[in-house]
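Enquirer: Can you read through this structure? Questions will come right after.
All of the numbers you see were taken from the coordinates with simple rules; none came from a lab. Everything quoted here is computed from the prediction, not taken from an experiment. Cβ coordinates were reconstructed from backbone atoms using ideal geometry, including for glycine residues, and neighbour counts include every protein chain displayed.
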Amino acid sequence: MKKGLAACLALVMCLSLAACGGTEQETTEETPVVESVTVRVAALKGPTAMGMVKLMSDSEDFEEDVEDFVDAREDFERVTIQSNLYDFTLAASADEVTPGLMQGELDIACVPANLASVLYNRTDGGIVTLAVNTLGVLYIVENGNSVQSMADLAGRTIAASGKGSTPEYALRYLLSENGIDPDTGVTIDWKSEHSECVAALASGAATIAMLPQPFVTVAQTQLPDLRVALDLTEEWDALDNGSALLTGVVVARADFVEEHPAAVEEFLTSYAESVEWVNANTAEAAELIGGYDIVDAAVAEKALPYCNIVCITGSEMKDMLSGYLQVLFDAAPASVGQDAETGEGGLPGDDFYYGA
């Protein structure tokens, strides 16, 4: 983004110098302006927002630089600079994001993978998936040493959040595949946010929890003896079902994609660069993450290597996501948005996968 701005400003300089080659009477006094699309983006306080922090930071710098430039060059010939501007929202849960997306108050959002399919069905195809942004980040943690396998969860109570989205359906599927009825063979104590699970572990109200990173690391800073008992990505892979466990995706309103294709492409390019930078610059990324109050910087630095932050697009995204949704659909059609009474909805069509 900064390189793009530099190129634009260089163009303004060249045109201005050319204008100065004539007489003073020939020089125009119109002010350079910025014509851009303001993209309203929401992400959850976790790996999805962590991968976006470089884009968030760069977008703030971009707006400041453009304002300073325009203010300082009022005598320049009028030149149009085109680039995205962003309005970011950070939320604690998907429930805070869904209404804004469905009501047109958001353009792009990071949501749980299965929720993208649910929203596609609820909006009659009004949601498009742009990218897979987070692979498996779910873990079973225990303040003890009794859980060594999925079978050891039988009869136990698990504190968890994410009911109705990827965490619930992934856990239910893995329990079922390991011979445990998720309704009768185990007790799942659903919390509204991941932070509530951490609080339950810290207070002793829970000894076992399902948590994603970076909240595993958050919990371990408060409870040094807390151990990662099971990596649910490894448990999923062990089933050899032809799919991968996904956590999150980036979606957009279909009408926004249709109206602003260039803005969508620019967002994906900038987002991919942000993800690459975050994964390659852990310490610097952690400082930004702490600055945006996503999680503490020290926690972020420890957790980032385990957050599986990616930006997978196009046909690879479609193959990965469609395989995952198929597994969920076979296990529980409602998990991808099929109506239990009418049977309407189900697996998304090809128009759900942007650029595939």
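Enquirer: Taking only segment 280-291 into account, find how many residues are out of contact with any helix residue (DSSP H, G or I) (no Cβ under 6 Å at 6 or more places or on another chain) and either closer than 14 Å to LYS45 by Cβ or assigned to a loop (DSSP other than H, G, I, E, B) (or both).
Expert: 2
Enquirer: Test each condition in (1) over 22 Å from VAL97 (Cα atoms); (2) outside any helix (DSSP H, G or I); (3) not polar (S, T, N, Q) for LEU211 and report the one that comes out false.
Expert: The one condition LEU211 does not meet is (1).
Enquirer: Further, regarding this structure: Going through THR217, THR207, THR221 one at a time, which residue ends up being buried (at least 18 other Cβ atoms within 10 Å of the Cβ) and over 26 Å from CYS110 (Cα atoms)?
Expert: Checking each option against the conditions leaves just THR207.
Enquirer: Any idea which of ALA272, ALA300, ALA283, ALA252 is hydrophobic (A, V, I, L, M, F, W, C) and over 18 Å from the mean Cα position of the chain (by Cα)?
Expert: Selected residue: ALA283, the only one of ALA272, ALA300, ALA283, ALA252 that is hydrophobic (A, V, I, L, M, F, W, C) and over 18 Å from the mean Cα position of the chain (by Cα).
Enquirer: For segment 82-95, name all the residues that are more than 12 Å from LEU119 (Cα to Cα) and either in contact with a helix residue (DSSP H, G or I) (Cβ under 7 Å, 6 or more places away or on another chain) or loosely packed, with under 14 Cβ neighbours inside 10 Å (or both).
Expert: GLN82, SER83, ASN84, LEU85, TYR86, ASP87, PHE88, LEU90
Enquirer: Hey, could you check segment 331-341 for residues that are farther than 14 Å from ASP124 by Cβ and over 25 Å from the mean Cα position of the chain (by Cα) and say which is surrounded by the fewest Cβ atoms within 10 Å (Cβ to Cβ)?
Expert: GLU341
Enquirer: Determine whether segment 114-125 contains at least one residue that is closer than 23 Å to THR187 by Cα, basic (Lys, Arg) and more than 14 Å from the chain's Cα centre (by Cα). Steps first, please.
Expert: At the first step, the residues of segment 114-125 found to be closer than 23 Å to THR187 by Cα are 114.
So of that shortlist, the ones also basic (Lys, Arg) come out as none.
For segment 114-125, residues closer than 23 Å to THR187 by Cα, basic (Lys, Arg) and more than 14 Å from the chain's Cα centre (by Cα): absent.
Enquirer: What tally of residues in segment 173-205 results from selecting those that are of a type in the set (A, V, I, L, M, F, W, C), under 26 Å from LEU325 (Cα atoms) and in a helix (DSSP H, G or I)? Spell out how you get there, then give the answer.
Expert: Pass one, segment 173-205, residues of a type in the set (A, V, I, L, M, F, W, C): 174-175, 180, 186, 188, 190, 197-202, 205.
Then drop every residue that is not under 26 Å from LEU325 (Cα atoms), which leaves 174-175, 180, 186, 188, 190.
Of the ones still in play, those that are also in a helix (DSSP H, G or I) are 174-175.
Qualifying residue count, segment 173-205: 2.
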